[in-house]
Structure formats: structure tokens, C-alpha cells
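Working notes, structure below.
The values are calculated or read from the model by the stated rules, or taken from the named source; none is laboratory data. Values in this document were obtained by computation on a predicted structure and should not be read as measured data. When we count neighbours, we look across all protein chains shown, and the Cβ atoms used for this are built from the backbone with ideal geometry, even at glycine.
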Amino acid sequence: MKEQTLAIHAGYDKDAQGTMAVPIYQTTAYEFRDTEHAANLFALKELGNIYTRLMNPTTDVFEKRFNALEQGGGAVGTASGMAAIFYAIANVAEAGDNIIVASQVYGGTTTLTGHTIKRFGIETRYFNVNNPSEIEALVDEKTKIILFESITNPSIDVADFEAIVAIAKKHNIMTCVDNTVATPILCKPLTLGCDIVVHSASKYTTGQGLAIGGIIVERENLVEMIKGNPRYAHFNEPDESYHGLIYSDLPLPPFTLRVRLALLRDLGATPSPFNSWLYIQGLETLPLRMKQHSASALKIAQYLEAHPKVKSVNYPALKSNNNYALAQKYFPKGTSGLLSFEVESKEVAQSIADKTEIFKVVVNIGDSKSIITHPASTTHQQLSSQELIDCGIPAGLIRLSVGLEDSEDLIADLEKALS
Ligand code: PLP
């Protein structure tokens, strides 16, 4: 099936009542047929619903639909994008291990990798996403995953998938891509050789800024790289917390299964059924919306590029952009609704943001409503000046999340604020 059809139908036909819209299964738990049925479900001899911290029929549709759009081998929903990123790391790394992360990532990912997981004994080594050859020198036998964003937030760089995947494959290390900004409509990292995709579903997936959520998707046949791989010994050895289960021996997607059985079981950042239902509604129109977000953002980027008060514009579909060639290669359908531009100073940036009317001062992206953000004083405020430089965030940088309003109105709003 084609993508727009998958976005509307994948993962759901009808329930026992013939319900056309996906029902919200608002329940904590599920009645078992008898105790033997319950025991079989817990022992994975039979697959089925146990408890909503682990699975839920509405969330199951969200997971199957997202998995179909990413062309993955299995997916698991989480309560937020940050939970998805943390679980992707915690699923492979433990105290004494290290992970390799692009410096240009969302501020929450920088604080998670640079501070929070450090306290768990996991070291983060950073590379410049514009220079993937730096990865090679960072790898050792304790490296568990290479994490980067397909289109970076907020510096709007584009990852060179081929270069990163080549190094990862050479060392048999998993790659994990935060594909939130691109969405599976503009880029499918699993088809480019990556192993894991994570998303904040809070952004383009809901599309209207309605709920916080996330998802992890693994590629098909990931088990082939995990099986016997000493980096991922805990997937190949008996899990004592699960009666000696060996994940790589099961005919199920091992990465997302382990997130569900071990991490959702013990840490519990599970999506609510109602939020999963919202993501399902959002996915139905995602292909149409991403086309419109990308087309409007390009018009606005071209307008800003010609404005005398703007020092530079970061939007990879602009011919003048350093990432133009990579964007043409990996994002032929458009480069999403996120762009950033630099003005003279922090004060000028803040005054522009204060003057816009349609663009609202908000820390979110991927909404139908346009948003203007000053990262240095908000999303990235907790970063040191060196971390800000490493992330590509000068004090005068403004980020726009271009919504679905008429682009002429949006340009008029910026014209007034810049005058
Ligand atoms: N990844 C990216 C690229 C983001 O922009 C964000 C949030 O802005 C996140 C992850 C975190 O997602 P959430 O807010 O759903 O936890």
C-alpha cells in the first residue's frame, strides 16, 4: 500500500462491533479467560493483553501504524519523546558503557546525555554531525549506540546517513535516529541502514500540539546484528528478571520487545490510550501536512534570506545552504517546517519574537499554529556557553516552526516584526 493509505488504515480494520473509528480502550487491565491463560500470557507462550503499562489495543494501532510508515520491524509507544530516547539508550547501555551522540541535538537530549545518564555511569562522547569522521576515534568496545537527529533541532543541520552508517556497520554498533523533525513522511532512516528510530509524537504526529508522547521503532531483522554480538551480550544471555528469557532467541523484534518487557514493566513511561488515539488521528493527515509545512517553510526561508536585518538562514532546501546536497539526497519531498535564522544580538532576537502576532512565543514545534522561539533563553537556557556553541546556537538565533496558516500572512507578520 502507498503511504497515504497506510497513514489512514495500517494497524486497524475493525473491532468486534465493526467500529469505523479506532476505539479508545480506556482501561487499566484485561480479564483473562482463566488462570492458565494468564500464566501463558506472562510466560509469552501466548501473546495478548496483560496490563496497560505494557500494552493497550489503542496504543497497539498507533504502534502498528507508525511502524508501517517507518517501514520498521516493530514499535513501542512511550509517554514522551524524552522517554523514548532514554529507553533507547537504557536498552543497550549500562554503567561503564559509553554512547556516541551528535552535538547538534534537542536541548533535552543534550542534558539527558551530558548530565542525567552520567549519574548512571554511562559516558557520552560527542561528535559534530557535520563531520561524521569524528566518530571513528570515539569508538571502543564499550560503545553501545550512535545517536543523532535526521534534521537537527534547532541548528537545522542534515545528517549524512551514509557516512554515519558506514562507521557504525564497520564496528557492529547500533545507530539510533531521532526522526521527529523529518517524520517518516520526509525520511525513513531504517531504509537508509539505520537500526532504531525514536520520535517525539508530541510534534508533527499530533500536529496540533495536543499531547506529549513518543515512539521507538526498530528495523526489520535487527536480530541478525544482535545475535552473538558481544556489544549486546544482555540480549544474548538469559534475563534473570524474566525466567531466563533470551531476547535474541525469540521470533519477535528484540529491541522493542525488551523495552516493553523490561523498561516499561519497571519504569512505566507508557502512553495513555487517549493520547495514542490522538496520535492515530494525527497520522491520518501527516503526509498531507508535511508537504504543506515544507512548502511554506521554504517560501519563508527565501523571504528571510533576502532581508537586510537577517545575518543567515538555516533551511536545508535553500540552494545557498551548506546542507543542500545532503537534503536533496535524503529529503527529496521537502525538509519540514523548522527553520532558524540569526539576527544581530539576543536583544534584537527577543524583540522580533515579542512583535510577531501570528507566530506565538512557545517552546514547541510541529504544531498547525506557527511558533517562534528564542532557544538561547528558553529550550537551551540550561546549556553552558560552550555547549551552546557546540550545538550551533548563537545568542541571536531565532527558531521558527512554520505552521499551516497561509504563508503570505506569515511573511507579513515577520515583515512587521523585523521592521
Ligand atoms: N526530540 C526532538 C527533536 C524534540 O524537538 C523534542 C522536544 O522538543 C524531543 C525529542 C522531546 O520530546 P517530548 O517533548 O515529547 O519529550
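Of note:
- The residue of the range 83-95 that is farthest from the ligand (Cβ to nearest atom), among those that are among the hydrophobic types (A, V, I, L, M, F, W, C) and out of contact with any strand residue (DSSP E or B) (no Cβ under 7 Å at 6 or more places or on another chain), is Ala95.
- Residue in the range 318-335 that is touching a Cys at 6+ places or on another chain (Cβ under 7 Å), buried (at least 19 other Cβ atoms within 10 Å of the Cβ) and farther than 16 Å from Ile398 by Cβ present: yes
- Considering the conditions (1) assigned to a helix (DSSP H, G or I); (2) over 19 Å from Thr109 (Cα atoms); (3) aliphatic (A, V, I, L, M), Leu210 is excluded by exactly one of them, (1).
- The residues on offer are Thr28, Thr35, and the sole one that is in contact (Cβ under 8 Å) with a residue 24 or more places away in the chain and loosely packed, with under 10 Cβ neighbours inside 10 Å is Thr28.
- Any hit, the range 217-236, residues being at pLDDT 95 or above, β-branched (Val, Ile, Thr), part of a loop (DSSP other than H, G, I, E, B) and surrounded by 22 or more Cβ atoms within 10 Å (Cβ to Cβ): no
- Candidate set: the range 360-382, residues that are aliphatic (A, V, I, L, M) and under 21 Å from the mean Cα position of the chain (by Cα); chosen: the one surrounded by the most Cβ atoms within 10 Å (Cβ to Cβ): Ile365
- When residues of the range 40-81 are limited to those that are outside any helix (DSSP H, G or I) and buried (at least 24 other Cβ atoms within 10 Å of the Cβ), the one nearest to the ligand (Cβ to nearest atom): Thr78
- Put simply, of Gly207, Gly213 the only residue that is over 21 Å from Cys391 (Cβ atoms), near the ligand (Cβ under 9 Å from one of its atoms) and touching a Leu at 6+ places or on another chain (Cβ under 9 Å) is Gly213.
- Within the range 368-402, the set of residues being of a type outside the set (Ser, Thr, Tyr) and over 28 Å from Asn130 (Cβ atoms) comprises just one member, Lys369.
Conditions tested, residue by residue: (1) touching a Lys or Arg at 6+ places or on another chain (Cβ under 7 Å); (2) farther than 17 Å from Ser155 by Cα; (3) among the basic types (Lys, Arg).
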position: Leu304; (1), (2), (3): no, no, no
position: Lys329; (1), (2), (3): no, yes, yes
position: Thr335; (1), (2), (3): no, no, no
position: Ile352; (1), (2), (3): no, yes, no
position: Ile358; (1), (2), (3): no, yes, no
position: Ile365; (1), (2), (3): yes, no, no
position: Pro375; (1), (2), (3): yes, no, no
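- Inspection of the range 62-71 finds no residue satisfying the criterion of being of a type outside the set (A, V, I, L, M, F, W, C), at pLDDT below 95 and more than 16 Å from the chain's Cα centre (by Cα).
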